[in-house]
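Visitor: First the structure, which I've put down as structure tokens, then a few questions once you've had a look.
The values are calculated or read from the model by the stated rules, or taken from the named source; none is laboratory data. From a predicted model like this one, the values you see are computed outputs, not experimental measurements. Cβ: placed from backbone, ideal geometry, glycine included. Neighbour counts: every protein chain shown.
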Amino acid sequence: MMIYLGKRLGMIAAVLLILMVFLGGLIHLVPGDPVKIIMGPLASDSFAASVRSEMGLDKPIAIQMLDFIFGAVHGDLGKDFVSHRPVTVMIGGVLPHTMILAVTGLGLAILIGLPLGVYSAVHANSAIDKAIASVSITLITLPPYVAGLLLLLTFAVTLAWLPALGAGNFSAPLDYAARLILPSLALALGWIGYLARLTRASMLEILGANYVRTARSFGLSDTRIHYLYALRSAVIPVVAVLGVGLGHLLGGAIFIEVIFGRQGLGTLFYDAIATRNFPVIRGVAVVVATLFVVTNLLADLSYRLLDPRIRVEAKT
Amino acid sequence: MSVFTITGGKTRSANAGTVRRLLRNSGGKFGLLVVLVLVVLFVFGPQLAPFGSAQQDIASRLQGPSFKHLLGTDHLGRDLLSRLIVGVRIELLVAIPSVLGALVLGLLLGLPAGYFGGAVDAAIVVILDALHALPTVVLALTLLALLGNSLGNVIFVMAISLAPSFARVARASVFSVRHSAYVEAERFLGASNGRILLLHILPNIIPPLLLLVAMSLPTAIAVETGLSFLGLGVRPPTPSWGVILADGFARVRTAPWAVLWTCLALAITTLGCTLLGETLRDILDPKRIGDQQ
Amino acid sequence: MTTQPILSVEALTTNYRADGMSLRGIKDISFDLKRGEILGIVGESGSGKSTLSFAISRLLPENAQIESGQIEFSGLDLTIASPKEMRRLRGDKIAMVFQDPLSSLHPCLTIGRQMVDALRAHNSGSRKEYQNLAADMLARVGIGNTGQRLRQYPHELSGGMRQRVMIAIALLLRPDLLIADEPTSALDVSLQGQIIGLLAGFREKLGTSVLIISHDLTVISSAADFVLVMYAGESMELANAEEIFRHPLHPYTQSLISVMPDRRLRGKPLPTIPGRVPSAHETIVGCAFAGRCPQTRHVCSAERPQFSAVGLSRVRCHIYDPQSGWLFDTEAEKPAAAR
């Protein structure tokens, strides 16, 4: 297990290193003066000079990259060249909102998608199974911003049941929760379909397993058999996918946050792009990638914990 | 329908069978219909549209559906139906080159990784993992922010963002054929690596990659529209669906029609393309046919 | 043993769907099992033994169903019992031991968890109490160090240990009927004896009736009171165990006994019955065994023999048919094979 973990951590470090070299040097891949590219051709020379020195763009490229990586490892992702605030602080301020959004979305997807998949598998080829399959594929192909816009149109604009704009404040938890419903649902919809499909396929395989028949011979109720005995195994491949899921949700969160006017990593990124605030863009990219590889690792580890057979192989 | 004819030779009867099986499946039928409509709109869109896509009529702006404007008008009084129809051409003109670009990039990375293995493979896999760690949209937006959003840049950036999945499939496919008897025989006869890759390995890994091309098109359309929606893809006044969506979103409270129609058009397009791709995959991959029953 | 039978199977017939066709499962199976008796069911693979056991416990796979016949268990007809009634019986009154315990036990749950779940399916006691019951039962099937075993996963145990665990789970609720489907097929010969001995021992102590299913006559011979020989879904012979080994009536039973592995011949290839069991796709007109039977005659492939009584046994063979049988006339027709 320790060897496996070591290997995985080494791989993660390599992936993040390459990504940071890429992001650190990216600005020089574009032909022309980086400062002019960032600021636009109309920037005054004095302002351009100050940005140049602040971002270290006057140093050799290799040094710039090393500086960036060294800083990033120590939690310093540079400074916003408009407000001069540290990027880490800016990201830290909005990250909780995005994480809450993504985790709620993933939670909704699991809470709705898993039972749908179990029901579909248990009642395979029934009319309801077919209906769930049609809904699933529709949800899977629905781009997250389309889901967000349609939910916004229906529940916030037309019906006016739920607030449409802003994430709210932690000091008003009920209001915050109400404002979380539509955005997290919008993020979840695609994953509800995906998880339902995945769970169905996985369950169908497990329901034919000998140990499910054994559980039946114990006289256990169908509910217990499906949700405890069969799902216990069927969920293992699903967990592996969830690790990738959070990364995708973070990508979708950009749209959702912009559509619902929520503060978060996505709107920070969006605003930074609009103002070509490169240090912020780069910082967000690094944080998103780090979150992605870390959740991937966590999913992989829990995957191993869920299956005692792999656990033993990993020990030896 | 290049998917049907690409294999050439004695495939005519097989293709007829494929189409028949496609039509037997309701999802496939729907997918085929959607794709056919898209093809027609792609070719004849500007002729079929009732109004010019840029034709303004400020007097009748932000209207709901009427007999004159079936889907209503936008903030400049432009006919939404016409803009959506003309938009199909923009969507596909961006999506198709993006996916083909991703295919080429994916081959450039995946072929050597799968063929040479070892250190080359390890290095390429780390690069792919690094690219994969950024969600497609984040990667595309980061690159676009630097490059600026010309049409060419949008295509280039989307090709890069979509390339990792092509590289993965190419790599895995090469793995499965590189030790086959005929490749070993060629190697024994002294063929160069380039010759083996091009003449013997490439033709054998084409089918899964073509399927991926088909399956990536809806993704490309969705990503492109998303980028334009955020103002970083195709720029106004070009009637890309993302631009129409962004225009509509700015006025969603007073005139929700533009957002509604564009969302529906997108949902139907991505669903149709995906259903067609999935049905084709199920038909062409005999292993999966068993699964379906 | 003159009590009422606890299990009475009458003309049980099943079928299953595959490739859009309805195929033969078991056909017209009848037998009685009294309290404390052990009935062995033998036959080659494909003879329908397992189908019979799943039909009784109503655990047939989705594509299979009971077509006709009755299964009377403690006064209840299981063929028409509701799923709820069946659930109440399973585990509590009717317990099963499956072949291949590795795949029959849940790989991701501990032995203790599975035992406790089996208990909780029918009672509402505390987990702690059931842990103790489970440990006690493990000890009774000859597993030591029970506290640790309960915390282990199936793959961490040896094959013999796993089968003991399966038996322990089956016996936890002291069922009236234990159905053991190939309980020893995954084990080596020395363990086979132990497991069979264990099953027989519990019959003595708990008065449990047992149905042992096996392709291996040796397994059956050491434990069963009666033996039912099955072939291609049909019952061929039903007799007292001693009787069937001393005087096997049906040519198929005779063949089975002749190919029984002999310890003195260990190391030599096992003798087998020539030919193969007819597949479920083939329609059988006469006797199912006619194609492989050394004594077959014309009537055998033309007419289905009755399951008729011969002494205390019953046998499905034209040789013993009261009307057409040629048991005592050697003049009439020569065996077809001899011509």
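Visitor: Quick check on residue A:109: is it within 14 Å of another protein chain (Cβ to nearest Cβ), at pLDDT 90 or above and in a helix (DSSP H, G or I)? Please lay out each step first, then the result.
Guide: Details: within 14 Å of another protein chain (Cβ to nearest Cβ): no; at pLDDT 90 or above: yes; in a helix (DSSP H, G or I): yes.
No.
Visitor: Take the conditions more than 9 Å from every other protein chain (Cβ to nearest Cβ), at pLDDT 85 or above, under 16 Å from the mean Cα position of the chain (by Cα) and in a helix (DSSP H, G or I) and apply them to residue A:225. Does it pass?
Guide: no
Visitor: Take the conditions at negative phi and either within 14 Å of chain B (Cβ to nearest Cβ) or at pLDDT 75 or above (or both) and apply them to residue A:38. Does it pass? Give the derivation first.
Guide: On the way: at negative phi: yes; either within 14 Å of chain B (Cβ to nearest Cβ) or at pLDDT 75 or above (or both): yes.
Here the answer is yes, as residue A:38 does meet what is asked.
Visitor: Let me ask something else about it. Only one of C:118, C:135, C:180 is in a strand (DSSP E or B) and either under 24 Å from residue C:35 (Cα atoms) or more than 9 Å from chain A (Cβ to nearest Cβ) (or both). Can you tell me which?
Guide: Selected residue: C:180, the only one of C:118, C:135, C:180 that is in a strand (DSSP E or B) and either under 24 Å from residue C:35 (Cα atoms) or more than 9 Å from chain A (Cβ to nearest Cβ) (or both).
Visitor: Can you pull out every residue in the stretch A:152-164 that is surrounded by fewer than 22 Cβ atoms within 10 Å (Cβ to Cβ) and among the hydrophobic types (A, V, I, L, M, F, W, C)?
Guide: Across the stretch A:152-164, the qualifying residues are A:153, A:155, A:156, A:157, A:159, A:160, A:161, A:162, A:164.
Visitor: While we're on this one: Give the residue that is nearest to the other protein chains (Cβ to nearest Cβ), with candidates limited to residues of the stretch C:79-103 that are part of a loop (DSSP other than H, G, I, E, B) and buried (at least 16 other Cβ atoms within 10 Å of the Cβ).
Guide: The residue in question is C:91.
Visitor: Still on this structure, I have one more. For the stretch B:190-247, which positions are surrounded by fewer than 23 Cβ atoms within 10 Å (Cβ to Cβ) and charged (D, E, K, R)?
Guide: Listed by number, the residues that qualify are B:195, B:235.
Visitor: Please go through the stretch C:195-217 and pick out each residue that is closer than 16 Å to residue C:168 by Cβ and touching a Ser or Thr at 6+ places or on another chain (Cβ under 9 Å).
Guide: Across the stretch C:195-217, the qualifying residues are C:195, C:196, C:197, C:199, C:200, C:202, C:203.
Visitor: Restricting attention to the stretch C:52-60, does a residue exist that is surrounded by fewer than 22 Cβ atoms within 10 Å (Cβ to Cβ), modelled with pLDDT under 90 and more than 14 Å from chain A (Cβ to nearest Cβ)?
Guide: no
Visitor: Turning to a different aspect of this structure: Which of the residues spanning the stretch B:220-269 are part of a helix (DSSP H, G or I), free of Cβ contacts under 8 Å to residues at least 60 places away in the same chain and facing chain A (nearest Cβ under 9 Å)?
Guide: Within the stretch B:220-269, B:222, B:229, B:245, B:249, B:259, B:260, B:263, B:264, B:266, B:267 meet the criteria.
Visitor: Here is a further query. Among the numbered criteria (1) within 28 Å of residue B:276 (Cβ to Cβ); (2) within 14 Å of chain A (Cβ to nearest Cβ); (3) surrounded by fewer than 17 Cβ atoms within 10 Å (Cβ to Cβ), which single criterion is violated by residue B:150?
Guide: (1)
Visitor: Pairs needed: first member in the stretch B:70-81, under 12 Å from residue B:259 (Cβ atoms); second member anywhere, among the basic types (Lys, Arg) and at pLDDT 70 or above; C-beta distance under 8 Å; at least 6 residues apart or different chains.
Guide: B:74/B:83
Visitor: Also, I was wondering about something else. Just one of (1) farther than 30 Å from residue C:168 by Cα; (2) touching a helix residue (DSSP H, G or I) at 6+ places or on another chain (Cβ under 9 Å); (3) in contact (Cβ under 8 Å) with a residue 60 or more places away in the chain trips up residue A:269, so point out which.
Guide: Evaluating residue A:269 over (1) farther than 30 Å from residue C:168 by Cα; (2) touching a helix residue (DSSP H, G or I) at 6+ places or on another chain (Cβ under 9 Å); (3) in contact (Cβ under 8 Å) with a residue 60 or more places away in the chain leaves (3) as the failure.
Visitor: With the condition kept exactly as written, say whether any residue in the stretch A:292-306 is out of contact with any helix residue (DSSP H, G or I) (no Cβ under 6 Å at 6 or more places or on another chain), in contact (Cβ under 8 Å) with a residue 40 or more places away in the chain and not in a helix (DSSP H, G or I).
Guide: Scanning the stretch A:292-306 turns up no residue that is out of contact with any helix residue (DSSP H, G or I) (no Cβ under 6 Å at 6 or more places or on another chain), in contact (Cβ under 8 Å) with a residue 40 or more places away in the chain and not in a helix (DSSP H, G or I).
Visitor: Among the residues of the stretch C:144-159, write down those that are at pLDDT 85 or above and either in a helix (DSSP H, G or I) or crowded, with 19+ Cβ neighbours inside 10 Å (or both).
Guide: The answer is C:146, C:147, C:148, C:149, C:150, C:153, C:154, C:155, C:156, C:157.
Visitor: Here's a check for you: in the stretch C:104-115, which residue that is assigned to a loop (DSSP other than H, G, I, E, B) and either closer than 18 Å to residue A:222 by Cβ or small (Gly, Ala, Ser) (or both) is farthest from the other protein chains (Cβ to nearest Cβ)?
Guide: If we take residues in the stretch C:104-115 being assigned to a loop (DSSP other than H, G, I, E, B) and either closer than 18 Å to residue A:222 by Cβ or small (Gly, Ala, Ser) (or both), then C:109 is farthest from the other protein chains (Cβ to nearest Cβ).
Visitor: Evaluate the stretch A:120-130: report whether one residue or more is in a helix (DSSP H, G or I), in contact with a Phe, Trp or Tyr (Cβ under 6 Å, 6 or more places away or on another chain) and assigned by TED's automatic domain parsing to the domain that holds residue A:247.
Guide: Checked against the condition, which is being in a helix (DSSP H, G or I), in contact with a Phe, Trp or Tyr (Cβ under 6 Å, 6 or more places away or on another chain) and assigned by TED's automatic domain parsing to the domain that holds residue A:247, the stretch A:120-130 yields no hits at all.
Visitor: Let me ask something else about it. Please determine whether any residue of the stretch C:233-256 is modelled with pLDDT of 80 or more and in contact with a His (Cβ under 8 Å, 6 or more places away or on another chain).
Guide: Yes, that holds for at least one residue.
Visitor: Out of the stretch A:255-295, which residues are over 12 Å from the mean Cα position of the chain (by Cα), more than 10 Å from every other protein chain (Cβ to nearest Cβ) and not hydrophobic (A, V, I, L, M, F, W, C)?
Guide: Those that are over 12 Å from the mean Cα position of the chain (by Cα), more than 10 Å from every other protein chain (Cβ to nearest Cβ) and not hydrophobic (A, V, I, L, M, F, W, C): A:257, A:261, A:262, A:263, A:264, A:267, A:271, A:279, A:283.
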